[in-house]
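Student: This structure is in structure tokens; I'll ask about it shortly.
The values are calculated or read from the model by the stated rules, or taken from the named source; none is laboratory data. No experiment lies behind these values; they were computed from the predicted model shown. Heads up, the Cβs are rebuilt from the backbone with ideal geometry, glycines too, and the neighbour counts pull from every protein chain shown. To get the accessible areas, we keep the full protein, side chains included, count just its heavy atoms, and leave off ligands, DNA and RNA. Shrake-Rupley method; radii C 1.70, N 1.55, O 1.52, S 1.80 Å.
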Amino acid sequence: ALPVTLLLIVLAIINVAGASYYLAPNALRPRHPWHTFLRPSGEVGQTAGILAFVIFAFLWLYPLRKKWRALAFTGAIGRWLDVHVTTALGLPMLLTIPAAWRADGVIGLGFLAMMVVCAIGIVGRYLYVRIPRARSGVELSREEVTGERETLLAAIATALGEPVETIRAAIAPPEQAPATTVVGVIERLVLDDIRRVRRVRALSAAWGAKPGLDRKTISRALKLASQEIALMNQSRMLEATQRVFRYWHIAHMPFALTALLAVIIHVIVVVALGATWFW
């Protein structure tokens with residue numbers, strides 16, 4: 001989204017321009033010419049803190065969207081997740097400004113908790129997109145995934161003028177032993193993605209050598225083949241991915257609540273002490 005991109009650019013400029021202040025020892029910062037603006041209670045520092053608090057509160061709307069179906073009119077869950085993840089990834093860069101790149105005190109605890117939440121969030125996003133879903137974001141059943149795969153195979157076969165079973169045999173990856181541990185499941189998902197890219201390249205070379213097929217037809221067939229391989233891998237790893245995703249929720253929530261609690265306490269203390277430039 002353009003607003004988020006512009007915000008990230010502005011934050012990067014502030015952090016780079018203020019590097020001499022943020023890298024200076026705490027004892028020397030009051031003598032820095034930008035101390036009035038970049039200190040946690042300064043115009044820039046505290047404005048960034050207010051914006052971070054607003055964005056942080058906004059991030060908690062995503063769990064409400066998932067829980068309450070009445071909010072379906074606000075957009076698909078998948079779209080909400082995209083905004084949630086993109087915004088959350090930019091939040092640590094925003095928090096560095098009111099924290100003045102210090103990791104002590106309550107705000108430091110909130111900053112560190114948010115960094116952990118973002119790291120866990122990246123893993124969660126990766127797992128989320130590997131669970132087959134409809135456009136609305138609702139998980140597909142195994143039968144629905146099978147139907148979607150058959151539709152893709154039929155479309156590829158029609159485009160290439162080949163029997164469906166021939167296409168199925170050409171695309172099918174080799175069987176592999178099931179992954180049981182959390183690390184093993186994530187490793188298998190990553191390797192499946194790498195193998196899918198390699199398989200599509202091999203199919204491109206094989207189909208490109210066939211006479212009578214134009215480049216547009218091959219390109220469309222390869223795109224469908226990539227989707228079919230992805231669905232095949234997702235279907236094969238569905239139970240394991242769902243299990244790891246549940247573990248991810250357990251790990252994600254405590255750090256998110258810690259960050260929320262630290263931010264709320266910090267805001268209450270700052271306002272109560274009157275350590276603001278606008279109060």
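Student: Output the direction-averaged projected area (hull surface divided by four) of the convex hull of the alpha-carbon atoms of the stretch 1-44, in nm².
Tutor: Over every viewing direction, the Cα hull of the stretch 1-44 projects on average to 3.3 nm².
Student: Still on this structure, please answer the following. As I understand it, the value is the acute angle between the Cα axis of helix 182-208 and the longest principal axis of the Cα atoms of the chain; what does it come to in degrees, rounded to 10?
Tutor: Its long axis makes an angle of about 50 degrees.
Student: Could you state how much accessible area His84 has, in square angstrom rounded to the nearest 10, with a 1.4 Å probe and all protein chains kept in place?
Tutor: 40 Å²
Student: Once ligands and nucleic acids are excluded and a 1.4 Å probe is used, how much of Ser20 is accessible, expressed in Å² to the nearest 10?
Tutor: Using a 1.4 Å probe on the heavy atoms, I get roughly 70 Å².
Student: Quick one: if you take sqrt(5λ) for each eigenvalue of the C-alpha gyration tensor of the stretch 180-221, what semi-axes come out, biggest first, whole angstrom?
Tutor: That gives 32, 8, 5 Å for the three semi-axes.
Student: Right, another one. Which residues' amide hydrogens lie under 5 Å from the amide hydrogen of Arg133, considering only partners 5 or more residues apart or on another chain, with H built in the peptide plane?
Tutor: Amide H to amide H, under 5 Å and 5 or more residues apart or across chains, Arg133 pairs with Leu140.
Student: Based on a Kirkwood Rh over C-alpha pairs, give the Stokes-Einstein translational diffusion coefficient of the stretch 53-168 at 4 °C and viscosity 1.567 mPa s in µm²/s.
Tutor: In µm²/s, the coefficient rounds to 75.
Student: What whole-number distance in Å separates the alpha-carbon centres of the stretch 195-238 and the stretch 47-74?
Tutor: Between the Cα centres of the stretch 195-238 and the stretch 47-74 lies a distance of 39 Å.
Student: When we measure straight from the Cα of Lys210, which lysines land under 21 angstrom away, once same-chain ones fewer than 8 places off are left out?
Tutor: Within the straight-line cut-off, Lys210 pairs with Lys223.
Student: May I ask you to give the percent of accessible area on the chain that is carbon plus sulfur, with a probe radius of 1.4 Å?
Tutor: 69 percent
Student: A further question follows. Just to be sure I understand the model, the point goes 7 Å from the Cα along the line to the Cβ. What's the resulting Ala209 to Ile264 distance in nm?
Tutor: With each label placed 7 Å out from Cα toward Cβ, I get 6.5 nm.
Student: Determine the per residue accessible area of the chain with all protein chains present and a 1.4 angstrom probe, expressed in square angstrom.
Tutor: With the other protein chains kept in place, the chain gives 57 Å² per residue.
Student: If I compute Kirkwood radius over Cα pairs in Å from the structure I just sent, which labelled value in [x] 21.7; [y] 22.2; [z] 18.6 lines up?
Tutor: The listed entry that was calculated here is [y].
Student: Moving on to the next point. Write down Rg/Rh for the stretch 53-112, rounded to two decimals, with Rg from the C-alpha atoms and Rh from the Kirkwood relation over Cα pairs.
Tutor: Result: Rg/Rh = 1.10.
Student: Loop-only GluC sites (Glu not before Pro) in the stretch 166-268, please: DSSP not H, G, I, E or B, and at most 16 other Cβ atoms within 10 Å.
Tutor: Glu175
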